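Novice: Quick one: structure below, then a few questions.
The values are calculated or read from the model by the stated rules, or taken from the named source; none is laboratory data. Since the structure is predicted, the reported quantities are computational estimates derived from the model, not experimental observations. Cβ placement follows ideal geometry from the backbone for every residue including glycine, while neighbour counts extend to all protein chains displayed.
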Amino acid sequence: MKRRRVLLLNPPGFQIYVRDYYCSKISKARYLYHPLDLLMMTGTLSRYHDIRVIDGMTDGWTHHGVAKAVRSFQPEVIIFLTGVVSFREDMQFIQELRNMVTFVAIASGEMFLDDPVKTLETIQEVDAAVLDFTDTAILELIDRLDKPGEFSDGSPIRNIVYRANGSVTGTDRIKARNETFEIDVPRHDLFPNEKYRYPFVRDFPFATVLTDFGCPYKCEFCAINQLGHKKRSVENVLEELDFIHRLGFRDIYFDDQTFGADRKRAETLLNAMIERDYRMGFICFTRADKVDRDLLKLMKSAGCHTVVFGVEASANKSLSESRKDMTIEAVRQSIGWCRLFGIRTVGTFIVGLPGMTESQAADIGTFAACLGLDFASFNVPAPRPGTELRKRALQNGWIDENVMEMDQSGSYAVMGNEYMTADQVDMYRKKASRQFYFRLGYLWRRLIGIRSWYELKTHFYEGTDLLLPSKFVEKH
C-alpha cells in the first residue's frame with residue numbers, strides 16, 4: 001500500500017455547522033464538539049498514510065485560511081464532512097479547492113445513506129462517499145488511487161460508493177447486525193481540543209468517544225437506525241479511554257445513540273472504568289426505558305454527571321406514532337432516579353412530530369419544566385433522506401419532494417404535521433425555549449449549580465444566545 005497525503009476536513013462555513021454521524025445541524029449556543037466521522041477514521045488511516053486534520057468550524061479558520069493550508073499540504077485525498085444543512089455551501093467550497101489542487105474528494109454525510117449510487121451520480125464535486133466511517137474499507141478505496149485525482153479498478157467495495165472510469169460503482173450499504181467490531185485508537189491528539197465546547201460538559205478539555213455504531217431502535221424521525229447496530233469490544237473502548245486519560249482529558253462525551261443499549265456490556269465497561277480510576281466525568285445519551293436505579297448508580301460511580309434523554313413529546317400518542325416505543329411514565333421515573341443520585345438530566349424534544357396537537361406544542365416547554373429536567377433542547381422534525389418520517393411527510397403533503405436542506409436544531413422548520421404548519425412549528429419551538437429557560441427559580445438553580453470556570457463561561461454564552469440569537473458569519 002502506497003502512503004498517501006490524506007486531509008480530513010470539516011469545511012468552514014458561514015454558520016456554525018455540526019456535521020457528524022450522518023446528522024448535520026446548525027449549532028445552538030455556539031457549541032461544537034469533535035467531528036466524529038473524521039475522529040474515528042484517524043485511527044484507521046494514520047497507520048498507513050500521512051494525515052492532517054483541519055476542523056474549519058473551529059475559531060480562527062476562514063475559507064481563505066483553509067484554502068491556503070490545502071495548497072501547502074497538497075493532499076492527494078480529501079475526506080470531508082457535509083450534510084443537508086450546509087450541502088450547497090460545502091460543494092461550492094470543495095470545487096474551489098479543486099481549482100487549486102488535484103485530489104480525490106471523499107464525502108461523509110447523511111444524503112448518501114438513501115440510494116447512494118444515484119446520489120453520487122448527481123454530485124459531480126464528489127468522487128466517493130463513505131457509508132460507514134468505522135469500516136476499514138476506506139483503506140481499500142485509497143489504495144485504488146491510480147493516477148492523480150482518479151480511482152482505478154471500479155469493482156465494488158463494501159460500504160463505499162465511488163466514481164471510476166466514468167461511472168459510479170457501489171453496493172447496498174451493509175446494515176450492521178449486532179456484531180462486535182474494533183478500530184485502531186482514534187488520534188485525539190490531532191484535533192484542536194482546546195477549541196471544542198459542549199454545554200453539558202463540566203470540565204475542560206473533553207473528549208468525544210463512540211462505543212457503538214448505529215442504533216437498534218426504529219424511531220421514524222431518526223436517520224441513524226438506517227445503519228443497523230454494532231458494538232465495539234469493551235477492551236477496544238478501554239484502549240481509547242487509556243489514551244485520552246494519558247492526554248489529560250477531564251471529561252468525556254459518549255456520542256452513542258443509546259448508551260447502555262446492551263446492558264451487560266455497559267456494566268462491564270462501567271466497572272472497568274471504576275477499577276481503572278480514570279477520574280474523568282462523562283455525559284451520555286440514552287433512553288429512559290433502558291436505565292434503572294441500579295444502572296444509574298453504577299454510571300454515577302464511574303463518573304457520569306449528566307444524562308440526555310430523548311423525550312421528544314408530551315403525550316404517549318405522539319411517541320407511539322413516531323415508533324419511539326417508550327412512555328412518558330418511564331421518563332418521569334428515570335428522571336427521578338437521576339435526581340436521587342445527583343445526575344443532571346437533559347431532555348430533547350421535537351416540536352411538531354406527527355400526532356402532536358397545537359395545544360401540546362404550545363405547552364411543551366411548560367411540560368419539560370414540570371418533568372424536573374436540568375436542561376432541555378427543543379428541536380423541529382427533520383425529514384432526512386431515507387427516514388420513515390420523510391416518507392410520511394411526502395405522503396401527507398407536509399413537504400415537497402425537492403426539500404433537501406433542513407436544520408433539526410430549529411433555526412427554521414421545513415415541515416408541519418396534521419395539526420400545524422411549518423411556521424407554527426417554528427413559533428412553538430421558540431416559545432418552548434422561553435417557557436423552560438426564562439424562569440427565575442430555574443435561573444437561580446443553574447447559577448448556584450456551577451462547578452467550574454468552564455461551566456460559568458458556557459452558561460454565559462448559552463444565556464446570551466437565548467436572549468440575542470446570533471448567526472456566525474465568517475470574516476474573510
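Novice: Kindly indicate which of 171, 208 is modelled with pLDDT of 90 or more and either buried (at least 23 other Cβ atoms within 10 Å of the Cβ) or β-branched (Val, Ile, Thr) (or both).
Specialist: It is 208.
Novice: Now, a different point. Please count how many residues of the stretch 319-377 are touching a Leu at 6+ places or on another chain (Cβ under 8 Å) and under 18 Å from residue 415 (Cβ atoms).
Specialist: Of the residues in the stretch 319-377, 3 are touching a Leu at 6+ places or on another chain (Cβ under 8 Å) and under 18 Å from residue 415 (Cβ atoms).
Novice: Restricting attention to the stretch 135-151, does a residue exist that is of a type in the set (Lys, Arg) and free of Cβ contacts under 8 Å to residues at least 12 places away in the same chain?
Specialist: Yes, the conditions are met somewhere in the stretch 135-151.
Novice: Further question on the same structure: Taking only the stretch 189-205 into account, find how many residues are over 23 Å from residue 379 (Cβ atoms) and either modelled with pLDDT under 95 or not polar (S, T, N, Q) (or both).
Specialist: 10
Novice: Scanning the stretch 145-159 for residues that are of a type in the set (Gly, Ala, Ser) and modelled with pLDDT of 85 or more, which turns out surrounded by the most Cβ atoms within 10 Å (Cβ to Cβ)?
Specialist: Taking the candidates together, the pick is 149.
Novice: From the list 48, 22, exactly one residue is of a type in the set (Ser, Thr, Tyr), under 16 Å from the mean Cα position of the chain (by Cα) and not in a strand (DSSP E or B). Which is it?
Specialist: 22
Novice: Taking residue 203, is it touching a strand residue (DSSP E or B) at 6+ places or on another chain (Cβ under 7 Å), surrounded by 20 or more Cβ atoms within 10 Å (Cβ to Cβ), in contact (Cβ under 8 Å) with a residue 24 or more places away in the chain and of a type in the set (Asp, Glu)?
Specialist: no
Novice: Pull out all pairs, ordered by first then second residue, where Cβ-Cβ is under 8 Å, the residues are six or more apart or on different chains, the first lies in the stretch 431-442 and is in the same structural domain as residue 29 (by TED's automatic domain parsing) and at pLDDT below 90, and the second is acidic (Asp, Glu) and in a helix (DSSP H, G or I).
Specialist: Short answer, once both residue conditions are applied: none.
Novice: Of the residues 331, 346, which single one is assigned to a strand (DSSP E or B) and touching a strand residue (DSSP E or B) at 6+ places or on another chain (Cβ under 6 Å)?
Specialist: 346
Novice: Can you confirm whether residue 389 is surrounded by 21 or more Cβ atoms within 10 Å (Cβ to Cβ), under 19 Å from the mean Cα position of the chain (by Cα) and in contact (Cβ under 8 Å) with a residue 60 or more places away in the chain?
Specialist: yes
The rows are residues; the columns are (1) under 16 Å from the mean Cα position of the chain (by Cα); (2) farther than 30 Å from residue 304 by Cβ.
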{"position": "348", "(1), (2)": "yes, no"}
{"position": "352", "(1), (2)": "no, yes"}
{"position": "360", "(1), (2)": "no, yes"}
{"position": "365", "(1), (2)": "no, no"}
{"position": "377", "(1), (2)": "yes, no"}
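Novice: Now for a separate question. Any chance the stretch 306-314 includes a residue that's touching a strand residue (DSSP E or B) at 6+ places or on another chain (Cβ under 7 Å) and polar (S, T, N, Q)?
Specialist: Yes, the stretch 306-314 has at least one match.
Novice: Going through 41, 57 one at a time, which residue ends up being under 18 Å from the mean Cα position of the chain (by Cα) and either assigned to a strand (DSSP E or B) or free of Cβ contacts under 8 Å to residues at least 60 places away in the same chain (or both)?
Specialist: Only one candidate passes the filter, namely 57.
Novice: Which one is nearest to residue 187 (Cα to Cα) among residues in the stretch 239-271 that are buried (at least 20 other Cβ atoms within 10 Å of the Cβ) and among the aliphatic types (A, V, I, L, M)?
Specialist: 244
Novice: Ok, one more. Filter the stretch 211-228 down to the residues that are among the charged types (D, E, K, R) and within 21 Å of residue 389 (Cβ to Cβ), then identify the one that is surrounded by the most Cβ atoms within 10 Å (Cβ to Cβ).
Specialist: Only one residue tops the list, namely 220.
Novice: Keeping to the stretch 81-101, report how many residues are under 16 Å from residue 61 (Cβ atoms) and among the β-branched types (Val, Ile, Thr).
Specialist: Looking only at that region, the number is 1.
Novice: Quick check on the stretch 174-189: of everything there that is among the acidic types (Asp, Glu) and part of a loop (DSSP other than H, G, I, E, B), which residue is surrounded by the fewest Cβ atoms within 10 Å (Cβ to Cβ)?
Specialist: Within the stretch 174-189, the match that is surrounded by the fewest Cβ atoms within 10 Å (Cβ to Cβ) is 182.
Novice: Still on this model: Could you list, in sequence order, the residues of the stretch 69-113 that are more than 20 Å from residue 141 (Cβ to Cβ), without any contact (Cβ under 8 Å) to a residue 40 or more places away in the chain and not in a helix (DSSP H, G or I)?
Specialist: 99, 100
Novice: In the stretch 349-372, which residues are in a helix (DSSP H, G or I) and either touching a Gly at 6+ places or on another chain (Cβ under 8 Å) or touching a residue at least 12 places away in the same chain (Cβ under 8 Å) (or both)?
Specialist: Selection gives 358, 360, 361, 362, 364, 365, 366, 367, 368, 369.
Novice: Let me confirm something: among 162, 198, which residue is outside the structural domain of residue 286 (by TED's automatic domain parsing), of a type in the set (Ser, Thr, Tyr) and either under 30 Å from residue 59 (Cα atoms) or touching a residue at least 24 places away in the same chain (Cβ under 8 Å) (or both)?
Specialist: 162 is the lone residue from the list that is outside the structural domain of residue 286 (by TED's automatic domain parsing), of a type in the set (Ser, Thr, Tyr) and either under 30 Å from residue 59 (Cα atoms) or touching a residue at least 24 places away in the same chain (Cβ under 8 Å) (or both).
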